Structure formats: structure tokens, C-alpha cells
Amino acid sequence: MNITIIGTGNVGGALAAAFKKAGHTVILGVRNPVGPFKGKELADRLSLPVHGISEAISKSEVIVLATPAPIAAEVAKSLGDVHDKVIIDTMNAVFTKPEGYNNTAEAILANCNCTDVVKCFNTTGFENMLNPIYNGEGIDMFVAGSSEKGKKIAMQLSKDIGFSHCWDFGGNDKFTLIEQMAGCWINLAIIQKHGRGMAFKVVKRG
Ligand SMILES: NC(=O)c1ccc[n+]([C@@H]2O[C@H](COP(=O)([O-])OP(=O)(O)OC[C@H]3O[C@@H](n4cnc5c(N)ncnc54)[C@H](OP(=O)(O)O)[C@@H]3O)[C@@H](O)[C@H]2O)c1
């Protein structure tokens with residue numbers, strides 16, 4: 001799969017490395033490809049192609065957004081024509097919401113022409129995206145959104161990079177809930193000081 005990543009910091013960089021390791025073609029989309037940007041060292045090390053945003057978007061069917069949450073609407077506007085893409089939103093408006101919206105995916109849907117927007121890879125720390133294995137077993141991932149096509153792709157990608165199961169949270173009405181799940185991880189890992197080396201796994205009888 002060709003995957004373009006916009007926002008090449010902690011999360012974008014971790015997913016870029018993990019997707020590439022899983023055999024996908026990863027393209028980085030940055031505001032200034034010749035200037036300094038987060039992820040430059042990673043791009044050089046992994047020989048990842050780096051382009052301006054619209055060119056990077058044109059090269060992939062799947063777009064991952066991992067920029068700061070408050071600017072989700074502005075980033076969505078900068079994408080150009082994305083009517084035939086799947087957008088995976090990894091952002092969390094846990095502390096500051098994009099102005100006028102309840103969550104980042106809502107801001108994306110309202111500010112670009114993509115209808116296949118799902119939220120995934122937002123409920124855990126970036127270190128767990130690079131290495132989702134605990135005690136020999138994959139931790140779980142979660143996805144929300146009304147796009148079945150988008151959810152199928154996000155679920156496949158989460159398995160490809162080592163997550164055990166990707167639980168379907170439901171449709172677009174669950175965007176805020178899945179951001180709140182990220183808030184739970186942030187609370188335990190950072191605010192309650194249990195450390196970033198922790199993760200969620202669902203257990204089920206039968
Ligand atoms: N950190 C985590 O463990 C974690 C886990 C789950 C979800 N998240 C969510 O993931 C998102 C990214 O977090 P992060 O920790 O990866 O942040 P980060 O390391 O600060 O990276 C942010 C990236 O966004 C880019 N960016 C900023 N404004 C942009 C714009 N207008 N257009 C295109 N790119 C832009 C930055 O580019 P430059 O390099 O040019 O500045 C940088 O590459 C946040 O919304 C966060 O809530 C974070």
C-alpha cells in the first residue's frame with residue numbers, strides 16, 4: 001500500500017518506520033521539503049521520499065494525519081483534492097479542540113472533500129506504535145468512523161505493524177469517545193506517572 005504521512009514528528013515518524021518495516025511504501029508530506037522538519041533524520045535513514053503536501057498526497061491512496069490537533073482544520077484545507085483517498089486521523093484534541101469542532105476528525109471532514117475519514121493510532125503512545133509487543137503478545141488498537149473502507153484499511157495496517165486486534169468503536173459519532181480513550185492513556189501514563197511503557201488490551205470470555 002502507498003501511505004502518505006502528513007506530520008512527521010513522534011507519531012508520524014513512528015508509523016512511517018513501522019509501515020515501511022511491514023513492507024508498505026511510505027511517503028512523507030511536509031510544508032518545506034528542503035528546510036528543516038521533524039522526521040528529516042528518519043527520512044534520510046530509511047530513504048523515505050519527501051515531498052510538499054499536495055505532491056505527497058497525489059502519490060498515495062491512504063493519508064495519515066499526525067499534526068497538532070488544534071490545527072486539524074487548517075491542515076485538512078491544505079490537502080487539496082482528497083475525494084478518492086482514505087484519511088487516517090491519529091490526532092487527539094484532548095487538551096485543545098480545533099476551534100468550532102468537537103474533535104479532529106470532525107474538523108477534517110468539514111474542511112476537505114474526503115468522506116472516508118477514520119480515527120486510529122491515537123489511543124496509545126508513539127513508542128507503542130514502533131513496538132506494540134508486550135510479553136510476547138501484541139497490544140490492541142482501536143478505530144472509529146463511519147467509513148467501512150477506511151476502517152478495513154486501518155485495521156489491516158494495525159495488524160501489519162504488530163497490534164493484536166483492532167477493535168471497531170463504531171461510526172463518526174464515536175470520534176470524541178476514541179479521543180477520550182487517548183485521554184485515559186495520557187492520564188495513566190503521564191499524569192498518574194505510570195510511564196509511557198503501558199498499553200490497553202481487551203480481554204474477553206469465550
Ligand atoms: N505523541 C504521542 O505519543 C501521541 C500518541 C497518539 C496521538 N498523538 C497525536 O498525534 C499528533 C502528533 O503528535 P506528535 O507527538 O507526533 O507531534 P510532533 O512530534 O510535534 O509532530 C507534529 C508534526 O506536525 C507537523 N506540522 C505542524 N503543523 C503542520 C502543518 N500546518 N502542516 C503540515 N504539518 C504540520 C510538524 O512539522 P514540522 O516538523 O515542520 O514542525 C511535525 O512534523 C497530535 O495531534 C497528538 O495529539 C500523539
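The values are calculated or read from the model by the stated rules, or taken from the named source; none is laboratory data. Please read all numbers here as calculations on a predicted model, not as lab measurements. Here the Cβ positions follow ideal geometry from the backbone for every residue, glycine too, while neighbour counts run over all protein chains shown. Side chains included, ligands, DNA and RNA excluded: accessible areas come from the protein's heavy atoms. Shrake-Rupley method; radii C 1.70, N 1.55, O 1.52, S 1.80 Å.
Just a few scattered comments:
- In this view, the solvent-accessible surface of residue 112, computed with a 1.4 Å probe and all protein chains in place, comes to about 20 Å².
- Under 18 Å from the Cα of residue 204 - lysines, other chains or at least 8 residues apart: none
- About its Cα centre, the range 2-191 has a charge dipole of approximately 320 debye under the convention of +1 per Lys or Arg Cβ and -1 per Asp or Glu Cβ, with nothing else charged.
- Residue-normalised accessible area of the chain, given per residue in Å² at a 1.4 Å probe: 47 Å²
- Loop-located GluC sites (Glu not before Pro) in the range 92-133 (DSSP state other than H, G, I, E, B) with a sparse environment of at most 15 neighbouring Cβ atoms within 10 Å: 99.
- Beyond 22 Å in Cα-Cα separation lie the following of the pairs 38/152; 119/201; 97/201: 38/152; 97/201.
- Inter-part distance where the range 184-206 and the range 8-34 are each reduced to a Cα centre, Å: 25 Å
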